[in-house]
1. Per residue, what accessible area does region 1-120 have, given a 1.4 Å probe and all protein chains present, in Å²?
2. Taking H as built 1.01 Å from N, whose amide H comes closer than 5 Å to the amide H of Val17, not counting residues under 5 places away?
3. Keeping the other protein chains in place, figure out the carbon and sulfur percent of the accessible area of region 1-140, with a 1.4 Å probe.
4. Keeping every protein chain in place, order Leu148, Leu166, Leu85 by accessible area at 1.4 Å, biggest value first, i.e. largest first.
5. Using heavy-atom solvent-accessible surface (probe 1.4 Å) with all chains present, what is the largest-first order of Glu221, Glu68?
6. What's the center-to-center distance, using Cα atoms, between region 236-291 and region 140-159 in Å?
7. From the backbone phi of region 29-43, what are the Karplus-calculated ³J(HN,Hα) couplings (6.51 cos²θ - 1.76 cosθ + 1.60, θ = phi - 60°) in whole Hz, Gly and Pro given as x?
8. Please work out whether the chain counts as rounded, prolate or oblate from its C-alpha gyration tensor, where a ≥ b ≥ c are the square roots of the eigenvalues and a/c under 1.5 means rounded, while otherwise a/b larger than b/c means prolate and anything else oblate?
Amino acid sequence: MIEVEHLTKCYGDLKAVDDLSFRIEDGQVYGFLGPNGAGKSTTMNIMTGCLSATQGHVRIDGHDIFEEPNEAKRLIGYLPEQPPLYMSETPEEYLRFVGEAKGLRKEELDRQIQEVIEKIRIGDVRHRRISALSKGYRQRVGIAQALLGNPRVIILDEPTVGLDPLQIIEIRELIRQLGEAHTVILSSHILSEVQTICEKILIIAGGKLIAFDEPEKLEREMLSQGEILFTAEAAPEEVRQILSGVRGITSSEAEAGEDGYARARVKTDQKDIYGISRQLFFAFAAKNKALLEMSLKKANLEDIFIELTEGGAQEAAGAAQDGARPSGEADGAEKEADGE
Ligand code: ADP
Ligand code: MG
């Protein structure tokens with residue numbers, strides 16, 4: 001189990017991670033979802049003990065990553081955004097090197113290398129130079145090294161970036177399999193990717209946690225927003241009056257068009273958007289007013305994700321400006337960032 005409490009990372013005035021708190025339970029696949037620059041890699045680097053925090057705590061199974069790094073790191077396997085592969089080595093040589101660094105020796109080292117090679121299916125390239133491997137195979141080698149030492153938690157930073165569609169499918173399948181025996185945390189800026197692989201999604205933007213839930217629940221929440229645009233043979237005041245009798249509308253606007261017909265836009269939080277358009281149709285008909293044109297705009301999950309994360313990013317930009325006023329805390333953060 002991983003506890004992240006009030007984690008903050010400043011680079012000078014920029015808060016790359018801003019008061020993040022969450023808990024990761026054992027045995028599930030988690031997705032860090034957020035646009036580029038959201039703070040995903042920074043968070044993962046701190047969680048894995050590769051980067052210091054400005055404030056806050058990370059505990060892996062109760063072990064503080066800064067105070068008990070050895071105990072904590074033993075529980076984690078990490079594939080960073082840019083895996084440190086040695087191009088002139090073969091996968092097997094590289095895995096031997098990493099395994100030794102993780103403290104594995106002799107038969108145990110041999111056994112684990114054999115095991116991860118089989119599990120990640122890189123047997124056919126084990127003696128080829130890494131420089132000669134495709135990006136998909138290199139990524140597999142990166143995942144294989146994360147698995148050495150059999151850590152409970154596997155953290156993968158954007159594991160499918162730069163892969164072709166077939167390789168993406170293979171890596172996703174591999175991650176799903178890893179999820180059966182490990183807790184997996186992966187980051188991605190692609191909504192559909194985390195939706196298909198992950199059991200829990202953390203949406204991060206501007207260094208802040210914006211949402212944390214199961215994909216289905218997030219989707220339900222996000223999709224319960226839709227819009228209906230229509231043109232009515234009526235004055236804007238009449239439109240407003242008729243709309244006041246329609247249930248399920250969260251907001252509306254109406255104005256007179258140049259042709260004398262009212263243009264209106266209503267928003268609803270009802271899932272059944274056709275139910276609303278049906279109500280509109282009959283409400284106008286009952287007043288003997290014709291609806292000349294009607295179009296439905298169903299909320300698209302990708303659009304909502306962008307809207308959500310842009311909101312967070314703007315907030316963070318505002319916060320960074322606030323933070324520009326003199327403060328001892330910001331100075332300390334800068335020094336620390338220089339030390340990385
Ligand atoms: P993500 O992985 O979500 O794309 P990052 O964690 O890499 O985001 O970056 C978060 C923010 O922190 C970005 O604005 C990025 O430019 C900034 N950042 C990351 N690393 C550094 C660094 N070493 N020095 C200064 N700024 C950094
Ligand atoms: Mg990143």
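The values are calculated or read from the model by the stated rules, or taken from the named source; none is laboratory data. Owing to the predicted nature of the structure, the values given are computational and were not obtained by experimental measurement. Note that each Cβ is placed from the backbone with ideal geometry, even for glycine, and that neighbours are counted across all protein chains shown. Note: accessible area is taken over every heavy atom of the protein model, side chains too, but ligands, DNA and RNA are not part of it. Shrake-Rupley method; radii C 1.70, N 1.55, O 1.52, S 1.80 Å.
1. Each residue of region 1-120 exposes 47 Å² on average to a 1.4 Å probe.
2. HN-HN under 5 Å from Val17: Lys9.
3. 47 percent
4. Solvent-accessible surface, decreasing: Leu166, Leu85, Leu148.
5. Final ranking, largest accessible area leading: Glu221, Glu68.
6. Spelled out, the Cα-based centre of one part sits 54 Å from the other.
7. 9, 10, x, 8, 10, x, x, 4, x, 5, x, 5, 5, 4, 4
8. It is prolate, given that a/c is not under 1.5 and a/b is the larger ratio.
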